[in-house]
Amino acid sequence: MISTLKNILSKPVSIAPLITFRVLFGFMMLCSILRFITKGWVYEQYIRPEYHFTYYGFEWVQVLPPLLMYAIFGIMALAALGIMMGWAYHWSAALFFLTFTYVELIDKTYYLNHYYFVSVMALVLVFLPLGRVSFFKPKEGPIFSHIPQLYLLLPKVIIGLVYFYAGVAKLNPEWLIEALPLRIWLPANSHLPLVGPIMGELWLAYAFSWFGAIYDLSIPFLLCYRKTRKYAFFMVVVFHMSTWLLFPIGMFPFIMIASSTLFFSSKWHRSLWSLFPIKSLPTDRTIYYSKHFKSKALLLGVFLLIQVLLPWRFLAYPGKLFWTEQGYRFSWRVMLMEKAGYAIFHITDPLTDRSWEIYAKDYLTPAQEKQMSTQPDMILQFAHFLKDKLREEGLSSTEIRAEVYVSLNGQASKLLIDPSLDLSTIRDDFGHKTWILPYSR
């Protein structure tokens, strides 16, 4: 079996599909970064906030001074350009991965599945031998037309996992039986021409829900099969352009459309590149070989295994996932719930028997307040932030309790966490958060 697997992974395949992906990925990342800067989001999300919600275990990742933050985004943009053009490719890929992931680790307020997808793919690109094929000026040294199949299979499997896990996550009663949260979201698009009048129809919410689940579960397999590939890609374009028109999800639809071209034949990719001034895509068969291939294969295999297992960690926690959100992030659960909350923090000073209230809006941006008010780990973090602020003001013995009401998928608001507990005495960890109240409809 090991011998068979080795033969499959080392089988030579054309490098052309990965060159297309590399160029499209770099181009889209460059556009995204420039869009991020020009819209003022560097300031709004990373410079303006007084406090940032770090990820557990990554508290050491801190925001830099304003000029350095803009420098980070400048380096990220240049690295994206380097990936696209094939200039100093491995340095560009590594720099892009490090800068992009650093920015995403600063504040989990802005966590999105497609940001995680970008980090994962950027790390994969670091290990792919794509630096010999560039625009305008051929690289010195040997140019390869074929590479081991491992390097093409890895990103394709990751794309398949994204779709498949997104589909598995939709196999729940609220999505399939109640058409939630689409029955809440779709009516907001009633202003659209032509389709606007039917956006409030219940049957449409059910149609979108069921089609979305079937699409996610089947599309990776349909893209792999030559006879269904062109129809599957048409559905990819229709599906992602529809979601882009209906929901504010940024560049994610375009990233997934571009990524789907990895499943096209090498002949299609070579025909595409014959139209562009790429100078070093050889026509003769030359095969890339690395003496570290076995080590790379083992390392990438471990990385892939982590991606396979990570979405299942929610099974280690009791309670309703959408309510507790323990194991929710990094699991490809895309647009599955509508959650809104309101939080008041009650402060008590036992030394003076004085009590008062603090509101998050006095310390957080609107985006931070919105996310914090529904996510238990962020509520706990904010309570500790308040404890530190009060200590700076000379109040060292305060107790902090939170009264948090949350509505899930249009249901009546309910208490999310135990309001009798002093959150400043609770430390976060990977264990079950027993201070989250059970969900009941």
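Plainly put, the stretch 137-249 has a radius of gyration that is 1.14 times its Kirkwood radius, both from alpha-carbon atoms, as the Rg/Rh ratio. Of Gly40, Gly341, Gly26, the residue with the greatest mean-square motion in the GNM of the chain, using alpha carbon springs below 10 Å, is Gly40. Applying 1/(1 + (r/R0)^6) with r as the Cβ-Cβ distance of Val126 and Asp422 and R0 = 56 angstrom yields a FRET efficiency of 0.80. Our estimate of slack between Ser265 and Ser397, defined as 0.36 nm per intervening residue step minus the Cα-Cα distance, is 40.9 nm. Proximity of backbone amide H atoms, modeled 1.01 Å from N, is registered between Ile417 and Val404, Leu437 at under 5 Å, excluding neighbours fewer than 5 places apart on the same chain. Straight-distance candidates among the lysines for linking to Lys320, with alpha-carbon spacing under 23 Å and chain neighbours fewer than 8 residues away dropped: Lys108, Lys170, Lys339, Lys370, Lys414, Lys433.
In this simple spin-label model, placing a label point 7 Å from the Cα along the Cα-to-Cβ direction at both Phe303 and Trp356 gives a separation of 5.2 nm. Label sites at Gln411 and Ala94, each approximated as a point 7 angstrom past Cα along Cα to Cβ, lie 4.9 nm apart. Each other residue within a Cβ distance under 11 Å of Pro181 adds +1 if Lys or Arg and -1 if Asp or Glu, for a net charge of -1. Only protein heavy atoms count here; under a 1.4 Å probe, Cys224 has an accessible surface of about 80 Å².
The Cα atoms of the chain cover 83, 51, 49 Å along the three principal axes, with the biggest extent listed first.
Provide the FRET efficiency to the nearest 0.05 for the Val238-Arg35 pair, computing r from the beta carbons and using R0 = 25 Å. According to the calculation, E is roughly 0.55. The relative contact order of the stretch 2-315 comes to 25 percent, based on Cα pairs under 8 Å that sit 6 or more residues apart. Electrostatic tally near Tyr206: other residues with Cβ closer than 11 Å to its Cβ, Lys and Arg +1, Asp and Glu -1, net -1. Across the stretch 338-425, the relative contact order, built from alpha-carbon pairs under 8 Å that are at least six residues apart, equals 37 percent.
What you get for the stretch 347-441, charging only the Cβ of Lys and Arg (+1) and of Asp and Glu (-1), is a dipole of about 380 debye around the Cα centre. I need the shape label for the stretch 59-177. Rule: rounded when a/c is under 1.5, else prolate if a/b > b/c, else oblate, with a, b, c from the alpha carbon gyration tensor. Verdict is oblate for the stretch 59-177.
Distance from the alpha carbon centroid of the stretch 317-392 to that of the stretch 1-68 works out to 27 angstrom. Label 7 Å along Cα→Cβ of Trp185; the stretch 402-430 residues with amide nitrogen under 18 Å? Answer for this model: 407-411. For the stretch 1-119, the alpha carbon positions stretch 55, 32, 21 Å along the principal axes, listed from largest to smallest. Shape of the stretch 338-425 from its Cα gyration tensor (a ≥ b ≥ c, root eigenvalues): rounded if a/c is under 1.5, otherwise prolate when a/b > b/c, or oblate? Since a/c reaches 1.5 and a/b is larger than b/c, the shape of the stretch 338-425 is classed as prolate.
Defining a contact as two alpha carbons under 8 Å apart and six or more residues distant in sequence, what relative contact order in percent does the stretch 222-325 show?
Across the stretch 222-325, relative contact order equals 17 percent.
Among Phe36, Phe27, Phe330, which one shows the biggest mean-square fluctuation in a GNM of the chain, springs joining Cα atoms closer than 10 Å? Sorting by GNM fluctuation, first place goes to Phe36. Under the simplified labelling scheme, the Asp349-Leu112 pair shows an inter-label distance of 4.3 nm, with each label point 7 Å from Cα along Cα→Cβ.
The values are calculated or read from the model by the stated rules, or taken from the named source; none is laboratory data. Since the structure is predicted, the reported quantities are computational estimates derived from the model, not experimental observations. In this analysis, Cβ positions are derived from the backbone assuming ideal geometry, glycine residues included, and neighbour counts consider all displayed protein chains. The protein model used for the area step is the full one, side chains on, heavy atoms only, and it has no ligands, DNA or RNA in it. Shrake-Rupley method; radii C 1.70, N 1.55, O 1.52, S 1.80 Å.
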